[in-house]
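For reference, the structure discussed in these notes is given below.
Since every read-out is calculated from the coordinates, none of them should be taken as a lab result. Every value quoted in this text rests on a predicted model; they were computed, and no experiment measured them. So basically every Cβ, Gly included, is an ideal-geometry build from the backbone, and we count neighbours across all protein chains shown.
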Amino acid sequence: MNKIKKIYCRTFQTGLKIALPFLPYRKPNIAGSVRSIPDIIRKRKCGHALIITDEGIRRLGLTRRLENVLSQNGITYCIYDKTVANPTTANVAEALELYLSNHCDVIIGFGGGSSMDCAKAVGARAAKPKQSLAKMKGILKVRKRLPLLIAIPTTAGTGSETTLAAVITDAETRHKYAINDFPLIPRYAVLDPKVTLSLPPSVTATTGMDALTHAIEAYIGRSTTFGTRKDALLAVRLIFENIDKAYTDGSNIEARRNMLHASFYAGCAFSKSYVGYVHAVAHSLGGEYNIPHGLANAILLPFVLEAYGACIHKKLHRLSIAAGISAEDTPHDVAAREFIDAVKAMKKRFDIGDTIKEITETDIPKLSHYADKEANPLYPVPLLMDAGELEQFYTALMEPVSDI
Ligand SMILES: [Zn+2]
């Protein structure tokens, strides 16, 4: 990256970092089971819930425990279960219609990132009925308190239960955009391991490695705070201690609970301290080839960590100690190597490869341009790279066999 762009990026990031303590970030309150939801609702003097989920989750019967507990406690509810993988403005409009016609006063997002994002957008529309979602695109356009919003993640990965963002796709134009504002942060995150028990091992692995990527990218970036570093280290420790247990024995409640907590703390870390080039490149691959987000991150993570080089060795050493891999007195470069090797070994155990066969040579300039646009100047990455330099990652993933 040329010097002028570098100065521009770093100045932009420093401005954001200075503003950080003055912004109204908050962490959702944690509840450990769907059984605690009636109390939360009653405490807020509410009584009519809209559950937003998707058909797959409904079919698996995952919402049933929640439905029973609401009925038993005299809380009426209705369910919107048509949320699609990239939730659309049509999803939001339909769910909002249900919310209004049933006089609801609570929104419960139940599912992966899509259902939670849809729930946030419905909350924003309920708070501002006269403003379209398109008008809320960008940052700080909601500016109004949402109805009580409760998030119940069914994967331990996205961290969407902690973030201020909702990504919505326009149903007509297919334009995908993010709404970012503090009122979108859910009031409660219900980290109930029982709703994650039916996740297949491959999804447990890739969503868990998404959470790992959130924690690592937040930690090695240049906009960390004492709190986000602490959250990231805790998430990394919990992931290394539990991901294999959850992968090999999906019914291990303790491991599932710890993975949900890891995902939550990783979400808190990256909400304030951002992600980095792993995410920027992964998003471009998701948009172009529909590569699942967690999978793309898992494939890319060691490549990007290696490309950052010596400037992150000290930080990787701290992460490696948290992960239980390296000792305090290990030299930084050795510990960094041990940590990256441990990430590679984790990928291997989960059968995650090093290539993405969909990538074609001709797509690379366009994809790296997207990644550059997303990351620069926003992400406070440890080492700046422009579109030309980011091309190395796509090229590396194209090679049939790679030992990087
Ligand atoms: Zn992610």
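Projected label points at Q72 and F226, each 7 Å from Cα along the beta carbon direction, are separated by 4.3 nanometres. In the chain, the longest principal axis of the Cα atoms and the axis of helix 226-248 are about 80 degrees apart. Applying a threshold of 21 Å to the alpha-carbon distances of K6/K137; K272/K347; K176/K366; K230/K272 flags K6/K137; K272/K347 as lying beyond it. Treating each Cα of the range 28-179 as an identical point scatterer and ignoring solvent, apply the Debye formula and state log10 I(q)/I(0) at q = 0.11, 0.16, 0.18, 0.19 Å⁻¹. Cα-only, vacuum Debye calculation for the range 28-179: -0.37, -0.81, -1.05, -1.17.
Normalised by the number of residues in the chain, the mean separation of alpha-carbon contacts (under 8 Å, six or more apart) gives a relative contact order of 15 percent. Taking each DSSP H run with n ≥ 4 as -39500 (n - 2.57) and averaging over every residue of the chain yields -17000 deg cm²/dmol at 222 nm. Between amide H atoms placed 1.01 Å from N, distances below 5 Å from H48 occur with D105, V106, all of them 5 or more places distant or on a separate chain.
For the chain, what ratio Rg/Rh do Cα atoms give with a Kirkwood hydrodynamic radius? Rg/Rh for the chain comes to 0.96. Judged by the ratio a/c of the largest to the smallest principal axis of the C-alpha gyration tensor, the range 203-298 counts as oblate, that ratio being 1.5 or greater while a/b is no larger than b/c. Mind telling me which of A127, A327, A280 comes out most flexible in a GNM of the chain, alpha-carbon contacts under 10 Å? Highest fluctuation of the listed residues: A327. GNM remark for the chain: springs join alpha carbons under 10 Å apart, and the peak mean-square fluctuation among T225, T173, T155 falls on T173.
Label separation (H48 vs K141): 2.9 nm, computed from points 7 Å beyond Cα along the C-beta direction. Listed by chain and number, the aspartates and glutamates placed with their C-alpha closer than 12 angstrom to that of K141 are D181; residues fewer than eight positions away on the same chain are left out.
Comparing A121, A323, A215 in a Gaussian network model of the chain where C-alpha atoms under 10 Å apart are linked, the largest mean-square fluctuation is found at A323.
With both residues required to sit in the chain, DSSP beta bridges show an antiparallel share near 20%. With a ≥ b ≥ c taken as the square roots of the eigenvalues of the C-alpha gyration tensor of the range 108-191, please select rounded if a/c is under 1.5 and otherwise prolate if a/b is larger than b/c or oblate if it is not? Cα axes put the range 108-191 in the oblate bin. For the chain, the longest principal axis of the Cα atoms and the long axis of helix 89-101 meet at an angle of about 30 degrees.
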